[in-house]
Amino acid sequence: MQEILLLSGPNLDLLGTRSPEIYGSATLEEHVRAARDRAEHSGLSLRHLQSNFEGDLIEAVHAARNVSSAIIINAGALTHSSWALSDALAIFSGPKIEVHLSNPAAREPFRHVSTLAGVVNGSLAGLGALGYPLAVDAVVALLAQR
Ligand code: DQA
(Lines give C-alpha, C1' and ligand atoms only; values in the text may rest on other atoms or scores of the structure.)
Protein backbone atom coordinates (compact mmCIF):
# COMPACT_ATOMS: atom_id res chain seq x y z
CA MET A 1 0.00 0.00 0.00
CA GLN A 2 1.36 3.43 -0.91
CA GLU A 3 1.92 5.81 1.99
CA ILE A 4 1.48 9.58 2.27
CA LEU A 5 3.69 11.32 4.82
CA LEU A 6 1.91 14.28 6.43
CA LEU A 7 4.28 16.70 8.16
CA SER A 8 3.22 19.40 10.61
CA GLY A 9 5.61 22.11 11.72
CA PRO A 10 6.03 24.30 14.78
CA ASN A 11 3.05 25.32 16.91
CA LEU A 12 0.56 23.26 14.94
CA ASP A 13 0.35 20.94 17.94
CA LEU A 14 -1.57 23.78 19.62
CA LEU A 15 -4.31 23.97 16.98
CA GLY A 16 -7.72 24.11 18.57
CA THR A 17 -6.61 26.66 21.14
CA ARG A 18 -4.07 28.67 19.09
CA SER A 19 -5.69 31.77 17.51
CA PRO A 20 -8.94 29.99 16.58
CA GLU A 21 -10.13 33.13 14.77
CA ILE A 22 -7.28 32.56 12.29
CA TYR A 23 -6.79 28.78 12.31
CA GLY A 24 -10.23 27.49 13.31
CA SER A 25 -11.22 25.38 16.27
CA ALA A 26 -10.27 21.93 14.97
CA THR A 27 -7.32 20.22 16.62
CA LEU A 28 -4.35 18.86 14.68
CA GLU A 29 -5.58 15.36 15.51
CA GLU A 30 -8.88 16.16 13.81
CA HIS A 31 -7.13 17.45 10.68
CA VAL A 32 -4.96 14.34 10.59
CA ARG A 33 -8.01 12.11 10.96
CA ALA A 34 -9.75 13.88 8.06
CA ALA A 35 -6.66 13.49 5.88
CA ARG A 36 -6.19 9.84 6.87
CA ASP A 37 -9.87 9.04 6.20
CA ARG A 38 -9.56 10.56 2.72
CA ALA A 39 -6.30 8.69 2.05
CA GLU A 40 -7.73 5.35 3.17
CA HIS A 41 -10.83 5.96 1.06
CA SER A 42 -8.44 6.10 -1.92
CA GLY A 43 -6.51 3.01 -0.86
CA LEU A 44 -3.49 4.83 0.61
CA SER A 45 -2.14 4.90 4.14
CA LEU A 46 -1.14 8.11 5.89
CA ARG A 47 1.58 8.59 8.47
CA HIS A 48 1.81 11.83 10.45
CA LEU A 49 4.66 13.58 12.23
CA GLN A 50 4.44 16.90 14.06
CA SER A 51 7.57 18.59 15.34
CA ASN A 52 8.52 21.97 16.68
CA PHE A 53 12.09 21.35 15.49
CA GLU A 54 13.27 22.09 11.96
CA GLY A 55 15.84 19.25 11.96
CA ASP A 56 13.21 16.64 12.84
CA LEU A 57 11.19 17.66 9.80
CA ILE A 58 14.25 17.62 7.53
CA GLU A 59 15.22 14.15 8.76
CA ALA A 60 11.65 12.93 8.25
CA VAL A 61 11.82 14.12 4.63
CA HIS A 62 15.15 12.31 4.16
CA ALA A 63 13.75 9.12 5.69
CA ALA A 64 10.67 9.31 3.46
CA ARG A 65 12.76 8.67 0.34
CA ASN A 66 12.01 5.11 -0.89
CA VAL A 67 9.39 4.74 1.89
CA SER A 68 6.62 7.27 1.27
CA SER A 69 5.02 7.93 -2.11
CA ALA A 70 4.09 11.55 -1.41
CA ILE A 71 4.46 14.32 1.16
CA ILE A 72 1.88 16.81 2.39
CA ILE A 73 3.37 19.52 4.56
CA ASN A 74 2.15 22.38 6.67
CA ALA A 75 5.48 23.70 7.87
CA GLY A 76 3.97 26.50 9.97
CA ALA A 77 6.29 29.51 10.21
CA LEU A 78 9.21 27.46 8.85
CA THR A 79 7.45 27.99 5.52
CA HIS A 80 8.69 31.56 5.59
CA SER A 81 12.26 30.96 6.71
CA SER A 82 13.57 27.45 6.14
CA TRP A 83 15.66 27.09 3.02
CA ALA A 84 17.03 23.88 4.59
CA LEU A 85 13.56 22.30 4.64
CA SER A 86 13.04 23.54 1.09
CA ASP A 87 16.31 21.87 0.00
CA ALA A 88 15.29 18.62 1.71
CA LEU A 89 11.91 18.59 -0.02
CA ALA A 90 13.59 19.26 -3.37
CA ILE A 91 15.43 15.95 -2.98
CA PHE A 92 12.20 13.98 -2.47
CA SER A 93 11.02 12.86 -5.90
CA GLY A 94 7.35 12.06 -5.20
CA PRO A 95 4.40 14.48 -5.26
CA LYS A 96 4.56 17.22 -2.63
CA ILE A 97 1.72 19.51 -1.55
CA GLU A 98 2.02 22.51 0.76
CA VAL A 99 -1.00 23.23 2.98
CA HIS A 100 -1.92 26.25 5.09
CA LEU A 101 -5.11 26.67 7.08
CA SER A 102 -4.95 30.45 6.79
CA ASN A 103 -4.09 32.46 3.69
CA PRO A 104 -0.55 33.72 4.36
CA ALA A 105 -0.71 36.03 1.31
CA ALA A 106 -3.48 38.01 3.04
CA ARG A 107 -1.56 38.35 6.31
CA GLU A 108 1.65 40.05 7.54
CA PRO A 109 4.34 40.68 4.89
CA PHE A 110 6.77 38.13 6.40
CA ARG A 111 4.22 35.41 5.59
CA HIS A 112 4.14 36.34 1.90
CA VAL A 113 7.33 34.40 1.18
CA SER A 114 7.21 30.60 1.02
CA THR A 115 10.56 28.84 0.77
CA LEU A 116 8.61 25.69 -0.10
CA ALA A 117 6.42 26.99 -2.93
CA GLY A 118 9.12 26.51 -5.55
CA VAL A 119 9.80 22.86 -4.72
CA VAL A 120 6.25 21.52 -4.24
CA ASN A 121 3.77 20.53 -6.93
CA GLY A 122 1.19 22.90 -5.54
CA SER A 123 -0.05 24.82 -2.54
CA LEU A 124 -3.44 24.98 -0.83
CA ALA A 125 -3.96 27.98 1.44
CA GLY A 126 -6.83 29.75 3.10
CA LEU A 127 -9.29 26.87 2.85
CA GLY A 128 -9.22 26.02 6.54
CA ALA A 129 -9.93 22.39 7.36
CA LEU A 130 -10.83 21.67 3.72
CA GLY A 131 -7.16 21.98 2.84
CA TYR A 132 -6.07 18.64 4.28
CA PRO A 133 -8.50 16.32 2.47
CA LEU A 134 -8.07 18.39 -0.71
CA ALA A 135 -4.31 17.94 -0.44
CA VAL A 136 -4.85 14.18 -0.24
CA ASP A 137 -7.07 14.35 -3.35
CA ALA A 138 -4.29 16.26 -5.14
CA VAL A 139 -1.72 13.64 -4.14
CA VAL A 140 -3.97 10.80 -5.32
CA ALA A 141 -4.44 12.53 -8.69
CA LEU A 142 -0.72 13.24 -9.08
CA LEU A 143 0.22 9.65 -8.19
CA ALA A 144 -2.27 8.39 -10.77
CA GLN A 145 -0.50 10.46 -13.46
CA ARG A 146 2.87 8.78 -12.80
C1 DQA B 1 0.18 28.39 8.81
C2 DQA B 1 0.54 29.81 8.35
C3 DQA B 1 1.90 30.22 8.87
O4 DQA B 1 2.18 31.55 8.48
C5 DQA B 1 1.92 30.16 10.37
O6 DQA B 1 3.21 30.48 10.85
C7 DQA B 1 1.47 28.86 10.91
C8 DQA B 1 0.29 28.24 10.31
C9 DQA B 1 -1.25 28.02 8.40
O10 DQA B 1 -1.57 26.82 8.44
O11 DQA B 1 -2.06 28.89 8.08
O12 DQA B 1 2.00 28.33 11.87
O13 DQA B 1 1.07 27.48 8.16
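Here the accessible area of the stretch 3-144 is 54 percent carbon and sulfur, with a 1.4 angstrom probe and all protein chains present. Remark: the chain carries 48 Å² of accessible area per residue (probe radius 1.4 Å; ligands, DNA and RNA excluded). With unit charges on the beta carbons (Lys and Arg positive, Asp and Glu negative) and the dipole taken about the Cα centre of the chain, which residue among Asn103, Leu14, Ala135 sits farthest to the positive side? With unit charges placed on the Cβ atoms, the residue in question is Ala135. Counting only Cβ charges, +1 for Lys and Arg and -1 for Asp and Glu, the dipole size of the chain around its Cα centre is about 260 debye.
Give me the number: length gained by fully extending Val67 to Glu108, i.e. 0.36 nm times residue separation minus the C-alpha to C-alpha distance, one decimal in nm. Spell out each step's value before the answer.
Values: separation 41, 0.36 × 41 = 14.76 nm, distance 3.66 nm.
Computed gain between Val67 and Glu108 is 11.1 nm.
How large is the Kirkwood hydrodynamic radius of the stretch 3-144, counting all unique pairs of alpha carbons, in Å?
On the way: mean 1/r = 0.0677 Å⁻¹.
Roughly 14.8 Å, rounded to one decimal.
The values are calculated or read from the model by the stated rules, or taken from the named source; none is laboratory data. For clarity, every value in this text was computed on a predicted model and none was experimentally measured. Quick reminder, even Gly has a Cβ in these numbers, built from the backbone with ideal geometry, and neighbours come from all protein chains shown. Ligands, DNA and RNA are excluded from the accessible area calculation, which covers all protein heavy atoms including side chains. Shrake-Rupley method; radii C 1.70, N 1.55, O 1.52, S 1.80 Å.
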